[in-house]
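**Student:** Take this structure, written in structure tokens, and hold onto it; I'll ask about it next.
The values are calculated or read from the model by the stated rules, or taken from the named source; none is laboratory data. Computed from a prediction, not measured in an experiment: that's the story for all the values here. Here the Cβ is made from the backbone with ideal geometry for all residues, glycine too, and neighbour counts use every protein chain on show.
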Amino acid sequence: MKQTKKMVSLCLSLVFLAISMCMPLSVGAENTYTTETGGTLTRLIPTTKSFEANETKTFDFTVDTTAEYALFMDSTDSNKVGTATTFAITEKDSSTAVPFTVREKDSDASVMTSVESYSYVHPSRYGNTEGFQYERVGNISELKATLTAGTNYTLSVSREATLSTLNYVDLRCLTIPITGGKQAIASEDATVFTTTTPAHVNEQLNYGNTALPEGYSLIGDYTDKSVFASSNRNVPRYIHISKDTYAEYKLDIQKEGWYRVYYNTSTWVDTKTVTAGDKYSFKVPFSVDGEEKETLVWSFTATADGQSPETRLLKTLPVQFNKGEHTIKFGNATAGSYAYHILMEELPDYDPEEDATVVMDTVPVKVDSTLSRFEPETPITLSSTGKSYVFTFTPEATGEYAFFYNNTGSAGSQPMTISVSEAGGDKVFENTCNTKGVVFERFGDNSYQAAPMEAGKTYTITLTGTGTAITMEYFDLRCVNPLTTPAEGKFAISPSDYVVTSIGSSHMSQQFTSQNYKNTEYPMIGDYYSDKLASPRDRVTAIHNGNGSYITYALNVTTAGYFTLTLPNVVTYPGDAKAESIRLSVNGEVYDEQGWTGTATDLTFKPFYLYAGVNRITLTNLTVPFDKGDGTQSEGKEVGAYIKSLLFDQVPGKPEPTAISGDTKVDSKIPLNSMETSTGSVTKNDADGSYSFKAGASVEYKVNVNEAGTYVVYIDGKAPQNGVDVLVDGTSKLGATYKTTGQKETVNASFSSRQVKKLSVPVELEAGEHTITLNFANGSKWDETENKAVDITEADDYTMVVYSAWMRRVDLTASASEEMFLRSWDFTAVSFLQEDKGSSSSAGWCFPHQYGQGGPYTVGSFTDCRSVVFINGVDVTYKVNIPADGYYNFSTFINCSAATNTCTMNLNGGTYSCDVTTDGSGPVKSTFEPVFLTAGVYDVNFKAPASPTGTMRLYGMSVTAKEMGDYVAVGADSASVSVAFDKAYTGSVITAFYSASNELVGIQTDVITDAASYRADIALTDTPVTAKVFVWGDLTNVIPLRTSIDFAAGTDSWIVK
């Protein structure tokens, strides 16, 4: 309802008093306002939104429930951060102050203090000085006031500074009425929340983005515009509950009985650190009336770099509530979570005496250590009104188990929950996923849902339906991470046994029965063809690997060696696809690509090495244009491949040389397991795919360079100074790189921690096969007593590690059509690597990559650009090939903790300066003045200031051909001319250069045919000051086809080389 309140003269008050018998009105002091009420929310809306300095606005109100209330305010002002708004509540009839209780930041949740008024200082938000529009007054101080039903109160709101707009003030009752049915609790209505970060309350209140599930109503529903006409919200707000903190809610159970509580959440992770395949597990303790009832568990596996966890609806076990006040509490044991919705669902038909959980005595059929199948005597039915079924399982292998089931129930998308707990112990897995309705399915489909289990332990597996009936004839447990191979011979794996994938949801379980292919020659790991099963499959669980998608498998190889992989009977979709290509990566390194045209093709990849232990095999369907048949191509059409099986053969032999691309945009990985030979102590590390080396070890790799050019060999590894050498075709290319031993910080950093380092200076390579050798030796460590670097001894038992190796071409060719980019570490020279600087001011900073510091940066297709510390006059040199005469723009990408510095470029004998203005938030592109260059190869040198303000980091450089019109470029004894005509001409072009005395000093005649432009180089006998380009059709009769194109010294089109 609405009440209009206005201060009036005494003579009119009796009139309004009489009217108020029909329409409630109340009186405020020197201001007007309206009131909107609904459920637990009372909203006070001033008619005049602005606040003058030292002004006080008052609002009269009553409440229907005796309880604690929180204050919220909605206001906008670009200057309100750091200013205060003061609140006070008094009983209107007696002017008695109603105290607020507040909790000091970082104090115990039970320690509250009492104040008669509260000055709320508006905080700022991350990266924004304007603060928050909607705020809980007091924020993490949990400001609350206890109000009595029926009492008349006055709320006073005052400001010392102006405030542009006060939209409204909300009073929200923190005792939440639960009346049965389906209700949603506003997450901001917590009576206790122990987070110490203000932005985790107010920041999120302004970003609500998740609608309520169908059938639920929000208590105190500010999204209901029929009640709250002032509402600017369509979905509920939310808050963030930090790690190791909690939010507690006070409930008034008005209808006793059994309820299920749902927590709609997602978890914060630093997406900059997320890579495809990363696994996260989260725990949310749930308590009722101060007693922890259970811990809600959910997991997330990233299918792409930088991916955020999806939203999950976690559900509790049924809870019985008696009438009266109760509390529920959600915490975070592992990471902060976003509390989107807290849902209460009444369970009117729930009867714990009816044994809603059925403990099954089904003994699983164990086909091998990978596959176990539960085959109940009669199918089980899962639904929201049915029972839960509990099975007992003791795995033979340690790993992560995926769930497959045969669903003969509803064809629709129905939710099902699977949870796994150690027998009598903690829950290790729980999630709810929708069925696909395609008979045989993988739980979670294309999202990775798998439960970690240890061999020999006993687990309970609970299946619960939360939707329409699902009828399950059997379900499988498959240890997919990893799949253990036989000791020898050939074997097959099912395409559906992936551990990471980017394949879409319609291309996984949906394809399990679409392809009619079966192979019995290659024994399958987890053989669902086995006659041990009551219902063996009669066809493969194929998948559809769409355009640009990838899928990864984990193989626990019993016997190391070389293998081939065949994808049998591969077909394309759609059937008219002209070509397809699949890339094989082994342990994260691109190994081979195979393409085909047409259908029903067997693809066999070149042999690759798999070490004993867990290996990763990834298949990527490369994005290829699709020929539409009319000479044009489209990348929009979904071109994919049906993968029906993965067939492995163990073979003798050595790997082929690794192909090294001549493209400066491509890092060519050298697979660490593709070594031709190795000597000394070389050990494979199963956990991360790296190799460990002791002094005296050596490994040799063969590479095949596609194009002649300048290349660099890179090593990502840990080694001490002087501990490793890189040889190309038998010659050491290490030079001074990584050999400085006069700097204590540098020597210690190398000795103690992993650093990504550039272990090879650039080398000129011809096209063809080359040998890359890594030699490991006792390097240097710092001796504190002698205060110098000394040799590592065998007693130190020092282990060097290589995580990855790759090569890249670094002689960039400029382009007229696109900006060409080199990362900072793609240099050909850098000053701090050319000498031992001793204890110079740059000590400790001389690792070229600074990998892990400054963060990655993306420029175009370069997604992992790291920095060179660019200080103390350091200069970095890059090689650039200029294909044609013209002007070129050179740019740097620099970040700095200070606002402005200067970078210097030395190029072709000239020196250029450019201001670098940054705010420290990320690299900024700074472009030098255009430089005219003739075709050729140049060294481009960028130099840091001798004493910069702050720390500068160089992330890369780029070059772009500058668009030019007609011009001549004049040198000492020749000149170039370039012109574009208004149309195509056939005839003769005569170019003439004239001196200051109008004498002819250069002339050239060329015949052109249907030419729209012309370029030529003309010899000179003296210095010209003007030039003309004539286009004649007939030299005999001198017939001009167009007016001459004229140039003069001193104009923009006249360039002096």
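**Student:** Restricting to the stretch 169-186, name every residue that is farther than 19 Å from M112 by Cα and either at pLDDT below 90 or of a type in the set (A, V, I, L, M) (or both).
**Tutor:** Listed by number, the residues that qualify are V169, L171, I176, I178, A184, I185, A186.
**Student:** Please report, ordered by residue number, the strands (runs of 3 or more DSSP E) entirely within the stretch 393-485 with at least 1 residues that are within 32 Å of the chain's Cα centre (by Cα) and at pLDDT 90 or above.
**Tutor:** Details: elements: 399-407, 415-422, 427-434, 439-442, 450-453, 459-465, 470-481.
Ranges flagged: 399-407, 415-422, 427-434, 450-453, 470-481.
**Student:** Filter the stretch 941-959 down to residues that are out of contact with any Cys (no Cβ under 8 Å at 6 or more places or on another chain), part of a strand (DSSP E or B), at pLDDT below 90 and not aliphatic (A, V, I, L, M), then give me how many there are.
**Tutor:** Number satisfying all stated conditions: 0.
**Student:** Out of the stretch 80-106, which residues are touching a residue at least 40 places away in the same chain (Cβ under 8 Å), polar (S, T, N, Q) and more than 15 Å from L174 (Cβ to Cβ)?
**Tutor:** T83, T85, T86, T90
Residues are listed down the side, and each one gets a yes or a no for (1) assigned to a loop (DSSP other than H, G, I, E, B); (2) not aliphatic (A, V, I, L, M):
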site	(1), (2)
T303	yes, yes
Q307	yes, yes
L313	no, no
A335	yes, no
H341	no, yes
D361	yes, yes
R373	no, yes
E377	yes, yes
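**Student:** To continue, here is another question. Would the stretch 382-396 turn up any residue that is surrounded by 15 or more Cβ atoms within 10 Å (Cβ to Cβ) and touching a Pro at 6+ places or on another chain (Cβ under 7 Å)?
**Tutor:** Yes, the stretch 382-396 has at least one match.
**Student:** Next up: When the residues of the stretch 303-344 are filtered to those that are surrounded by fewer than 17 Cβ atoms within 10 Å (Cβ to Cβ) and in contact with a helix residue (DSSP H, G or I) (Cβ under 9 Å, 6 or more places away or on another chain), which remaining residue is farthest from I551 (Cα to Cα)?
**Tutor:** Among those residues, the one meeting the criterion is Q320.
**Student:** Do we have any residue at all in the stretch 521-529 that's in a loop (DSSP other than H, G, I, E, B) and farther than 16 Å from K644 by Cα?
**Tutor:** no
**Student:** What do you reckon, is T1021 crowded, with 18+ Cβ neighbours inside 10 Å, free of Cβ contacts under 8 Å to residues at least 40 places away in the same chain and out of contact with any helix residue (DSSP H, G or I) (no Cβ under 6 Å at 6 or more places or on another chain)?
**Tutor:** On the way: crowded, with 18+ Cβ neighbours inside 10 Å: no; free of Cβ contacts under 8 Å to residues at least 40 places away in the same chain: yes; out of contact with any helix residue (DSSP H, G or I) (no Cβ under 6 Å at 6 or more places or on another chain): yes.
So T1021 fails the test.
**Student:** Being under 28 Å from L822 (Cβ atoms), without any contact (Cβ under 8 Å) to a residue 60 or more places away in the chain and surrounded by 20 or more Cβ atoms within 10 Å (Cβ to Cβ) is the filter here, so list the residues in the stretch 678-725 that pass it.
**Tutor:** none
**Student:** A further question follows. Kindly establish whether L147 is buried (at least 20 other Cβ atoms within 10 Å of the Cβ) and farther than 16 Å from A70 by Cα. Spell out how you get there, then give the answer.
**Tutor:** Details: buried (at least 20 other Cβ atoms within 10 Å of the Cβ): yes; farther than 16 Å from A70 by Cα: no.
No; evaluated as a whole, the condition is false for this residue.
**Student:** Name the one entry in E135, E142, E116 that is more than 39 Å from the chain's Cα centre (by Cα) and in the same structural domain as F87 (by TED's automatic domain parsing).
**Tutor:** Working: E135 fails: more than 39 Å from the chain's Cα centre (by Cα); E142 fails: more than 39 Å from the chain's Cα centre (by Cα).
Going through E135, E142, E116 in turn, the sole match is E116.
**Student:** For S494, indicate whether it is modelled with pLDDT under 80, buried (at least 16 other Cβ atoms within 10 Å of the Cβ), hydroxyl-bearing (S, T, Y) and not assigned by TED's automatic domain parsing to the domain that holds T378.
**Tutor:** Considered against the rule, which asks whether it is modelled with pLDDT under 80, buried (at least 16 other Cβ atoms within 10 Å of the Cβ), hydroxyl-bearing (S, T, Y) and not assigned by TED's automatic domain parsing to the domain that holds T378, S494 comes out as no.
**Student:** Still on this structure, I have one more. If a residue has to be touching an Asp or Glu at 6+ places or on another chain (Cβ under 8 Å) and either assigned to a loop (DSSP other than H, G, I, E, B) or not assigned by TED's automatic domain parsing to the domain that holds T90 (or both) to count, how many in the stretch 151-164 make the cut?
**Tutor:** 4
**Student:** When the residues of the stretch 1024-1057 are narrowed to those that are of a type in the set (A, V, I, L, M, F, W, C) and touching a Gly at 6+ places or on another chain (Cβ under 7 Å), which ends up surrounded by the most Cβ atoms within 10 Å (Cβ to Cβ)?
**Tutor:** So the first thing to find is which residues in the stretch 1024-1057 are of a type in the set (A, V, I, L, M, F, W, C), and the list is 1025, 1027, 1029-1032, 1035, 1038-1039, 1041, 1045, 1047-1049, 1054-1056.
Subset that is touching a Gly at 6+ places or on another chain (Cβ under 7 Å): 1031-1032, 1039, 1041.
Numbers: V1031: 21, W1032: 19, I1039: 10, L1041: 16.
Restricting to residues being of a type in the set (A, V, I, L, M, F, W, C) and touching a Gly at 6+ places or on another chain (Cβ under 7 Å), the top hit is V1031.
**Student:** Touching a residue at least 24 places away in the same chain (Cβ under 8 Å) and touching a Lys or Arg at 6+ places or on another chain (Cβ under 6 Å), is that true of G956? First the steps, then the outcome.
**Tutor:** Details: touching a residue at least 24 places away in the same chain (Cβ under 8 Å): yes; touching a Lys or Arg at 6+ places or on another chain (Cβ under 6 Å): yes.
Answer is yes for this residue.
**Student:** Something else now. If a residue counts only when it is among the basic types (K, R) and either touching a Cys at 6+ places or on another chain (Cβ under 9 Å) or closer than 30 Å to E794 by Cβ (or both), which strands (runs of 3 or more DSSP E) contained entirely in the stretch 648-714 have at least 1 such residues?
**Tutor:** 682-684
**Student:** Whether any residue in the stretch 438-461 is more than 23 Å from V297 (Cβ to Cβ), in contact with a Ser or Thr (Cβ under 6 Å, 6 or more places away or on another chain) and of a type outside the set (K, R) is what I want to check.
**Tutor:** Yes; the residues of the stretch 438-461 include at least one that is more than 23 Å from V297 (Cβ to Cβ), in contact with a Ser or Thr (Cβ under 6 Å, 6 or more places away or on another chain) and of a type outside the set (K, R).
**Student:** Mind listing just one residue for me: the one in the stretch 962-989 that is of a type in the set (A, V, I, L, M) and surrounded by 16 or more Cβ atoms within 10 Å (Cβ to Cβ) and, of those, nearest to D1006 (Cα to Cα)?
**Tutor:** Of everything passing the filter in the stretch 962-989, V989 is nearest to D1006 (Cα to Cα).
**Student:** Right, here's the next one. Go through the stretch 823-893 and tell me which strands (runs of 3 or more DSSP E), entirely inside it, have 3 or more residues that are within 19 Å of P945 (Cα to Cα) and at pLDDT 85 or above.
**Tutor:** The strands (runs of 3 or more DSSP E) meeting that bar are 875-882.
**Student:** Tell me whether the stretch 48-67 contains one or more residues that are closer than 18 Å to S141 by Cα and in contact with a Lys or Arg (Cβ under 7 Å, 6 or more places away or on another chain).
**Tutor:** The answer is no, given that none of the residues of the stretch 48-67 is closer than 18 Å to S141 by Cα and in contact with a Lys or Arg (Cβ under 7 Å, 6 or more places away or on another chain).
**Student:** Scan the stretch 790-805 residue by residue and report those that are surrounded by 13 or more Cβ atoms within 10 Å (Cβ to Cβ), of a type outside the set (A, V, I, L, M, F, W, C) and farther than 30 Å from V666 by Cα.
**Tutor:** D791, D796, Y798, T799
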